[in-house]
Structure formats: structure tokens, C-alpha cells
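The values are calculated or read from the model by the stated rules, or taken from the named source; none is laboratory data. Everything quoted here is computed from the prediction, not taken from an experiment. Heads up, the Cβs are rebuilt from the backbone with ideal geometry, glycines too, and the neighbour counts pull from every protein chain shown. Ligands, DNA and RNA are stripped out before the accessible areas are found, and what is left, the full protein with its side chains, is counted by its heavy atoms. Shrake-Rupley method; radii C 1.70, N 1.55, O 1.52, S 1.80 Å.
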Amino acid sequence: MENAYRVPVANRFIPTLPRLKGPSRIEKPVAEANSLLAALPRKVREHLHGNFEKVALTYGEVLYEPGEQIKYVYFPNDSIVSLLTLVDQHQALEVGLVGREGMVGIPLTLEIAISPVRALVQGTGTAMRMKAAPFLKELRQSQALQGELHRYTYTLMAQITQTAACNRFHVVEARLARWLLMTHDRMQSNPFRLTQEFLSHMLGVRRVGVTKAARTLQQNKLISYSRGNITILDRIGLEAACCSCYEIIKDMHDAA
Ligand SMILES: [Zn+2]
């Protein structure tokens, strides 16, 4: 990779997930809804456009594994990508969530070419993708892009920090509510697809714990859950059932 550093990653010897086909290029017009890109001056956006391709990201696809080279950065439109850290070679825990407000591949903005996390598509949708080398070139040339990405990196760090505390101190129902709200904000669609196995990775709890938490939210008529599809029935009620971490993370993003 052009002038980007490779660094060792602590948990690089981990089993990889079976790889799906990978993001596919799409030709049809796509509504570009990434707010980080939208915040850039028009001239910068137009310049970036020459290097972008529109891709479809599909639920379950892995964009990077820990220790892998970052070949592309992704600016999601209506897709969502989970950042997972892996522990003891088989357990995964979500530490960050990236949607239309951000970019996947943040280490590159720090000139690091290796991903420390697994990036897993959690919500099917589209994204703008750019190869690492042209991205680095654009980044070095544009102060506006640097500014937006620095601000976003700060909010992502804050999100990861808050998530660490949330995972330690807050009960599973509250964490599940937080996670559903964060997903809903980014997807802006209802219902969304989610299996219990997937949720247990996101929340770092056993499937039985997820089932119990989902059942409680369902009994309180906040969500409905059937065959891997979750519908939020009462958003205000879900916000009340959620821990304070949701508002803290949201305020951070809104203020950035
Ligand atoms: Zn919390």
C-alpha cells in the first residue's frame, strides 16, 4: 500500500468467518445519503466522485478481518457495518457501529493500513467505496476531508469508549434497546433482519440471554420479533427502556 503503515494487531490469529462473495458493484442509480460526504464542499465531493464506485453490501458480509490489509474504505448510504473485536479465538463483541454518519476504514485516516477489527455488514444496503491508495491521496490533498474525518474519528472513539462501559455495567435489555435504536437511526427502515445468533455476537451474551431480553421488550410491546425480523413498535418506549449510553453517543454524533 502506498505510504501507509502496517502495524501488528494483537488478535490477528483468529478464525475467519466463511467469506461471502464480497461487495458487488452496482450500476443503477443510488441515493447517496452519507452525511459525512454531504457535509463536504461541493468541489471536494465532485473531486472524490471520480474515484468512488457504488457497491451493494449484504447482511453477513465481512469487509475486513483483524490483521488484514484495508484495501477499500466505505461510506455507507443506507447500509450498516458493525466493528467487532475478537476474544479467545471464538468470541466476538461489537465495539462500534457505522452507518450513514461515518466511514469504514478509519485506520487509514491515521495512515495505518491494517484493520484492528472485523468489519461485518449488519444491515443490507449500499455504500460508496474507494480504493485505499486514491483515498490516501485525496485525504492528503483536502483539508475539508481531513476535518470531517477527524471529527468523525473522534465521535467513533467516543462511541467505542461508551460501548466498553455499557457492556460492563448495563443489563442486556437496556443494551439491546440501545443497539436497536442505534440500528434504527442508521437504517431508517422497519422491520430489519436480525438473527439471535447475530445479536448474541453484537451484545457479547449467550443466545439464551438475547432471547430473554428480546422477550421482555416484546412483552412490553416495544418490539415485535419473529423469524429473524425485528420491528420497533414503540420508539419512545424503547428509548425509555434504554440505558443513558444511547443519548450520550447520539449527542456526540449530532454535535460533531
Ligand atoms: Zn449503556
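Here are the numbers for this structure:
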quantity	calculated
2 or more residues of a type in the set (Ser, Thr, Tyr): qualifying helices (runs of 4 or more DSSP H) within the stretch 141-256	143-169, 207-219
The stretch 183-210, subset surrounded by fewer than 18 Cβ atoms within 10 Å (Cβ to Cβ) and of a type in the set (Val, Ile, Thr), residue farthest from the ligand (Cβ to nearest atom)	THR195
Answer residue from the stretch 154-169, given it is without any contact (Cβ under 8 Å) to a residue 12 or more places away in the chain and more than 10 Å from the ligand (Cβ to nearest atom) and is least open to solvent (accessible area, probe 1.4 Å) among those	THR161
Per-region count, the stretch 100-124, residues within 12 Å of the chain's Cα centre (by Cα), not in a loop (DSSP other than H, G, I, E, B) and not aliphatic (A, V, I, L, M)	3
Count - residues of the stretch 170-182 that are open to solvent by 40 Å² or more (accessible area, probe 1.4 Å) and either closer than 18 Å to LEU84 by Cα or near the ligand (Cβ under 7 Å from one of its atoms) (or both)	1
Hey, GLY102 closer than 24 Å to GLU53 by Cα and touching a residue at least 12 places away in the same chain (Cβ under 8 Å) or not	yes
The stretch 211-240 - residue that is within 16 Å of the ligand (Cβ to nearest atom) and open to solvent by less than 40 Å² (accessible area, probe 1.4 Å) and, of those, farthest from GLN188 (Cα to Cα)	ALA213
Check on LEU136, within 16 Å of the ligand (Cβ to nearest atom) and either assigned to a helix (DSSP H, G or I) or closer than 20 Å to GLY60 by Cβ (or both)	no
Residues of the stretch 241-256 satisfying the condition of being within 16 Å of the ligand (Cβ to nearest atom) and touching a residue at least 40 places away in the same chain (Cβ under 8 Å)	ALA241, CYS242, CYS243, CYS245, TYR246, ILE248, ILE249, LYS250, MET252, HIS253
